Amino acid sequence: MQIGSLEEISLHQEDIEKLEYLQNWCKDLKILLLHNNLISKIENLGKLKKLEYINFSQNNIEKVENLERCESLTKLDFTLNFIGELTSIESLKNNMHLKDLYLTGNPCTDFDGYRAYVVATLPQLETLDGEEVIVSERIVAQQNYGEIRADIVRQQNDYQAFRKKQREKNQWKVDKWMEEKIVCCKKPSDPEQMSEYWNQKSEHCPETRVDIALRKRLSRERPGRDTWGNEQTLKAPVKLFSSDGRPLNVNQPKIPFKLEECFEENCYKLDVAVYKHLDSALISADVQPSYVTVEIKKKILQLVLMEEVDPEASFAKRSQTTGHLLVTMPWVKQIFKRTRRAELPSPQKNRENKENDATETRREYLEVGETFDLMKMLKIDETKRKLKEQKTLIDDPEVPPLM
């Protein structure tokens, strides 16, 4: 994918201080997420004609400006900035598609008549700070617009005077820190001094936010120390090979996997249950003749292979439905399916076999005997019946004859 075709970019928490080339590189942008950075001025966005939503929350912006040419804007989020020049929102009058505006957490929201002024100045708004703008509310605000604006200008001037003193009071933090940054990189900071800094109270202003960001950045650049300057115990590196160079089985990400021997295709197939929504740019696979390594978000999954494989013929695919990674590794030699050794007959099975043989023998003997003659069997039964009658019928002379 080319960067010029992107429609959404998320650049949050990157300590960005200035916007420069975005409008030239990504002219088709529709969503731009820039929250939690160090941006102090809105600039270089006028060429983004398709831009619909910008998130500027948690930056150092003090004035709304240079957004008039972003014709498609429908939503702006300035939450937790330092906007004190409330009249600067008048520059958004020509952004006719603007429906949602968020100014929560800015100094201007403390001005009396803040909401009425914004509603009357920007009649195209449907919601302000997440609350729906009612028609009657807008009518009342427009009727008293002259008085409300005059009061806003007065409060704004008071804030600008306060902000000027605040800037002069806190600017030394950034200047001094930038001068000492190189020295601090060479010589670790005193942990007690860093702890005292984080425990003390500071004014809520752009200079303090820049100071905190610089200190955090410095701690990341100086390995072995946390944000407070304290030493951290570094984790032991993952051991992938033994002392004699043999590869070891390692599952650092603790991710499910399945390694199968496919004799029909003469290869190994490794199925790694990678998270479905994980970016493929964070995954890499390396196949060697005796082992395979899969790196997922800088964590290693390494498996030892019992048979030698061909790295050049190996390939990896990722499922578009499940997100799983399937690595196919052909064997160098043709391997036939292994069979188990035949089990030796036990004594009990020998006895059962002998009994079965004897039964079969007896059955064979009965089947090959004399043939069965039905007529002869009937003659034998008739003779037996006559003999039985003779024995049972006795002639008694004392019994008179039957008439």
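How many residues are in a loop (DSSP other than H, G, I, E, B) and of a type in the set (D, E, K, R) if we restrict to segment 279-300? Steps first, answer last, please.
At the first step, the residues of segment 279-300 found to be in a loop (DSSP other than H, G, I, E, B) are 279, 288-290, 297-298.
Adding the requirement that they be of a type in the set (D, E, K, R) leaves 279, 297-298.
Matching residues across segment 279-300 total 3.
Being in a loop (DSSP other than H, G, I, E, B), surrounded by 15 or more Cβ atoms within 10 Å (Cβ to Cβ) and not charged (D, E, K, R) is true for just one of Leu32, Leu67, Leu76. Which residue is that? Reasoning before the result, please.
Details: Leu32 fails: in a loop (DSSP other than H, G, I, E, B); Leu76 fails: in a loop (DSSP other than H, G, I, E, B).
Selected residue: Leu67, the only one of Leu32, Leu67, Leu76 that is in a loop (DSSP other than H, G, I, E, B), surrounded by 15 or more Cβ atoms within 10 Å (Cβ to Cβ) and not charged (D, E, K, R).
Of the residues that make up segment 286-303, is at least one of a type in the set (A, V, I, L, M), at pLDDT below 85 and surrounded by 11 or more Cβ atoms within 10 Å (Cβ to Cβ)? First the steps, then the outcome.
First pass over segment 286-303, keeping only residues of a type in the set (A, V, I, L, M): 287, 292, 294, 296, 300-301, 303.
Adding the requirement that they be at pLDDT below 85 leaves none.
So far as segment 286-303 goes, no, none of its residues is of a type in the set (A, V, I, L, M), at pLDDT below 85 and surrounded by 11 or more Cβ atoms within 10 Å (Cβ to Cβ).
Do we have Val118 as touching a strand residue (DSSP E or B) at 6+ places or on another chain (Cβ under 7 Å) and assigned to a helix (DSSP H, G or I) here?
yes
Asp175 is checked against (1) outside the structural domain of Val210 (by TED's automatic domain parsing); (2) closer than 30 Å to Leu214 by Cβ and fails just one. What number does that condition carry?
So the condition that Asp175 fails would be (1).
Among the residues of segment 161-216, write down those that are part of a loop (DSSP other than H, G, I, E, B), of a type outside the set (Ser, Thr, Tyr) and modelled with pLDDT under 70.
Across segment 161-216, the qualifying residues are Lys187, Pro188, Asp190.
Hey, can you tell me all the residues within segment 195-212 that are more than 34 Å from the chain's Cα centre (by Cα) and within 16 Å of Ile16 (Cα to Cα)?
Result: Glu207, single match.
Tally up the residues in segment 120-139 that are loosely packed, with under 15 Cβ neighbours inside 10 Å and in contact with a helix residue (DSSP H, G or I) (Cβ under 7 Å, 6 or more places away or on another chain), please.
Qualifying residue count for the region: 1.
Could you identify the single residue in Leu326, Leu303, Leu270 that is in contact with a Pro (Cβ under 9 Å, 6 or more places away or on another chain) and part of a strand (DSSP E or B)?
Numbers: Leu326 fails: in contact with a Pro (Cβ under 9 Å, 6 or more places away or on another chain); Leu270 fails: in contact with a Pro (Cβ under 9 Å, 6 or more places away or on another chain).
One residue alone meets the criteria, Leu303.
So is Leu98 at pLDDT 95 or above, under 26 Å from Arg154 (Cα atoms) and either in a loop (DSSP other than H, G, I, E, B) or charged (D, E, K, R) (or both) or not?
It is false that Leu98 is at pLDDT 95 or above, under 26 Å from Arg154 (Cα atoms) and either in a loop (DSSP other than H, G, I, E, B) or charged (D, E, K, R) (or both).
The values are calculated or read from the model by the stated rules, or taken from the named source; none is laboratory data. Bear in mind that the values here come from a model prediction, so they are computed numbers and not experimental data. Positions of Cβ are generated from backbone atoms using ideal geometry, with glycine treated the same way; all protein chains shown enter the neighbour counts.
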